Every structure is written in structure tokens, then in C-alpha cells.
1. How big is the equivalent ellipsoid of the range 115-199 along its three axes, where each semi-axis is √(5λ) from the Cα gyration tensor, reported in whole Å from largest to smallest?
2. Show log10 I(q)/I(0) for the range 52-165 at q = 0.15, 0.22, 0.24 Å⁻¹, two decimals, from a solvent-free Debye sum over equal Cα scatterers.
3. Mind listing the long-range amide H neighbours of residue 304? Cut-off is under 5 Å, sequence gap 5 or more, other chains count too, H placed in the peptide plane at 1.01 Å from N.
4. For residue 215, tell me the accessible area in Å² from a 1.4 Å probe, rounded to the nearest 10.
5. Can you list the residues, at least 5 places off or on another chain, whose amide H is less than 5 Å from the amide H of residue 232, using H built in the peptide plane?
6. Write down the accessible area per residue of the range 92-225 in Å², having rolled a 1.4 Å probe over the full set of protein chains.
7. Can you list residues from other chains, or at least 5 along the same chain, whose modelled amide H is less than 5 Å from the amide H of residue 9?
8. In whole Hz, with x marking every Gly and Pro, tabulate ³J(HN,Hα) for the range 93-101 from phi via Karplus 6.51 cos²θ - 1.76 cosθ + 1.60, θ = phi - 60°.
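The values are calculated or read from the model by the stated rules, or taken from the named source; none is laboratory data. Note that this is a predicted model, so its numbers are computed, not measured. Note: accessible area is taken over every heavy atom of the protein model, side chains too, but ligands, DNA and RNA are not part of it. Shrake-Rupley method; radii C 1.70, N 1.55, O 1.52, S 1.80 Å.
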Amino acid sequence: SCISLFEKWPYCLKRCSYCNFNKYIPRSVNHVLMTECLQKETRTLLQLSQVSKITSVFFGGGTPSLAQPSTIAALIGTVSKHAQLSADAEVTLEVNPTPAGKARLRDFVAAGINRFSIGTQSLCDASLRVLGRDHNALQALQTLSEARTLCPGRVSVDVMFGLPGQSVESWESELEEVLSVCDDHVSLYQLTLERGTSLFRQVKLGELSVPSDDITATMYRSARKRLEKAGFLQYEVSNFAKDNAVSAHNIGYWKAQQYIGIGPGAHSRFVPLALGGVHREARTQTLEPDVWMWEVWHHGHGTRRRMQLSHLGQLEEVLVMGLRMTEGISHQGAAVLLGWHGIVGQYFASAAALLGDIVSHVQTRTLSCHSGLTDREGGNGAPSTPPVRKEH
């Protein structure tokens with residue numbers, strides 16, 4: 001009866017050098033039409049799921065802080081009309097820490113946002129230029145300060161390591177600065193060189209170089225120790241929180257709970273009860289915004305692909321996702337999460353070999369800092385497969 005919701009704003013002002021997300025840089029944006037289509041697809045998929053309660057809402061992208069606050073308010077209103085959105089539900093917005101993003105924070109809070117995820121990435125201007133970001137360190141600090149004033153205890157900061165030109169010493173110094181200004185949640189992401197990005201080409205051509213695997217592993221271990229000393233509890237491979245300020249939305253992903261993804265390229269995992277469904281489906285929305293809007297306008301949704309998930313497939317996701325978290329996953333936990341008990345026992349035997357392989361693989365890659373678990377918060381909505389790659 002409970003589900004989390006991801007709303008995707010697909011547009012950006014520019015493409016960062018390392019990013020291979022499904023995002024678009026348009027000449028202009030029809031905010032009215034996009035808002036109406038997001039509302040329409042939200043209504044359709046909520047009705048299909050017949051869910052009664054929304055546990056969290058995450059606005060990701062793209063760059064959702066480019067959306068108008070009225071769009072955010074309209075979408076939260078639509079959710080509240082078709083399902084129960086409790087007063088204490090976590091409602092997060094990813095923010096690009098530019099002056100324009102900072103200026104809208106107060107209006108976003110008035111629209112219903114109660115948590116911010118700030119895409120700082122670095123507090124080194126040289127690194128920000130290499131990454132192709134459109135903000136500088138001072139602007140990031142100013143945005144963080146404003147966000148903490150508006151949502152104290154509910155601000156997350158994203159920071160990347162393993163960047164071109166970065167040393168262990170410069171990383172430790174930068175992390176100290178982050179700790180002096182951050183709130184109660186920090187997400188650490190190792191840079192992943194994605195094929196097709198400009199940064200990948202620059203490194204491949206020898207124009208830039210990234211730290212070695214051993215150095216990035218040292219960076220990761222050093223950061224974990226420093227964050228623990230500062231009172232942060234690591235609850236997932238890349239995520240740390242103080243005072244239990246964990247990301248409820250992302251925990252829903254990692255615990256294999258149901259979620260609905262709205263917008264171009266979003267993914268979902270839910271049971272379409274309104275269609276007589278009894279099994280969880282994996283759904284993927286059409287990628288290209290203009291095509292997606294046409295489909296939503298004419299059909300109520302832009303679902304491009306549906307696939308029923310087998311019990312074993314779901315169990316595999318529970319294992320992979322659960323291993324991201326410090327608490328891991330147990331036999332009993334898998335049964336509770338998936339809502340079926342006898343079947344879990346039946347499949348755990350066949351999954352045991354898989355689990356052993358996964359544990360060995362994750363331990364090896366985590367110790368060498370090769371985990372590839374560099375999804376920024378919120379993911380790209382719901383990942384199409386367990387996100388052992390790039391949140392969020």
C-alpha cells in the first residue's frame with residue numbers, strides 16, 4: 001500500500017564533461033506543457049498502482065532546480081490528491097548550486113520541498129572547470145548556507161573524488177572544508193569515466209589524467225575515517241549521515257521497495273493492481289522529452305517498456321541492493337521486503353551461489369574503490385537494473 005515517487009525534470013543548461021545521464025539541453029522549454037504532462041503521468045501511474053500512501057518524493061533530473069516552483073507545487077498537489085502524502089513525508093529536490101538555483105530555494109520550500117540535495121561535486125574551482133560545472137566554489141558555499149537555513153538537518157551534499165589533478169592531500173583538505181559547511185548528510189562519489197563523454201575522451205587522449213586505483217582507494221578509506229570521526233555513520237557504500245538524517249527515498253531503492261518513476265527516461269518497480277496484476281513489473285518511460293510528452297498527452301503515460309519480474313529476479317535485486325547497505329540483507333529480511341515467505345526459502349538455495357559471487361565481487365571492488373557505485377542521490381529515478389554503476 002506504500003510506494004515512493006520519483007519525478008524527473010529532464011532539462012539542463014549544459015552537459016557536464018563526465019555526465020552520461022538521459023538529459024537534454026533545449027533552446028526553450030514549454031514549462032506549462034511539461035508540467036501538465038508530468039501531472040498527467042503521475043495520475044495515471046498512481047491509479048495503476050492503486051497505492052494508498054506515498055512515503056517519499058524525489059525531484060531529480062536533469063536539473064530539477066531549473067523547473068519553476070509552481071511546477072513543483074503542482075506536482076506535489078497532484079500526488080496529494082491521488083494518494084496520501086503525510087505531513088512528515090520526505091520531499092527532496094536536487095539543486096544545482098548556481099546563483100539562480102540559490103535564489104529559488106525559498107520558493108521551492110513554499111512549494112512543498114522539505115529536503116535539498118546539493119550537487120556541489122567539488123569545492124575546488126579548477127576541478128569544477130574540468131567537470132564542466134556551471135558554478136564555482138563560492139556559489140556552492142552560498143547555496144549550502146541558504147539551504148541549511150531553510151531546511152536545517154535536511155540538506156545533503158554531493159562530493160566527488162578521484163578527479164583529474166586530485167591528490168590524497170588535496171582531497172583530504174577539500175573534505176575538511178566540506179565538513180565545515182555541510183549539514184547532516186554527505187554523499188561521496190568516485191568519478192566514473194563514462195564512454196561517450198568529453199572527459200572520457202580527454203583522459204583517453206592523454207590530455208588529462210586521473211589518480212590511480214590505489215590512490216582513489218586511499219581517498220575513499222581516508223574519507224570514511226574522517227567522516228566517522230566527525231560523527232557521520234556510513235549506512236551505504238557512498239552515503240553518510242549524522243543524527244539519523246538518512247535518505248528515506250534512496251533507502252527505499254536499496255531495500256527493494258516499490259517505486260514509481262515519472263518523466264522521460266524514468267524507471268519503476270511496482271505491481272499494476274488496476275490491470276489485475278499480481279507480480280511486480282519493471283517499467284521504463286520513453287527517453288526523448290518531446291516524444292514522451294506526445295505519448296502522455298494521447299495515452300496518459302509514456303511507458304515504453306514493461307517487463308514482469310520473476311521471483312528469482314526480484315530476489316537477485318534484493319541481494320544486490322541490500323549489499324550496498326551497511327546492514328546488508330538477511331533471509332528473513334528478503335521475505336519481509338518481498339512479501340512472500342515460502343518462496344524465499346525455495347529460491348535462496350539457487351541464489352546462494354549468486355550471493356557468494358556478489359559478495360566476493362563487491363568486497364574486492366569496494367576495497368580497491370572500484371565499486372562503480374557512483375549514482376548521485378536519487379539515482380536517475382529508478383535504475384533499470386540494480387545500480388551497480390554511476391545516487392537518486
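1. 22, 14, 12
2. Log10 I(q)/I(0), no solvent term: -0.64, -1.17, -1.33.
3. It is 284, 285, 286, by chain and number.
4. Roll a 1.4 Å probe over it and residue 215 shows about 70 Å².
5. none
6. The answer is 41 Å² per residue.
7. Here 60, 61 satisfy the definition.
8. 10, 6, 10, 8, x, 8, x, 5, x
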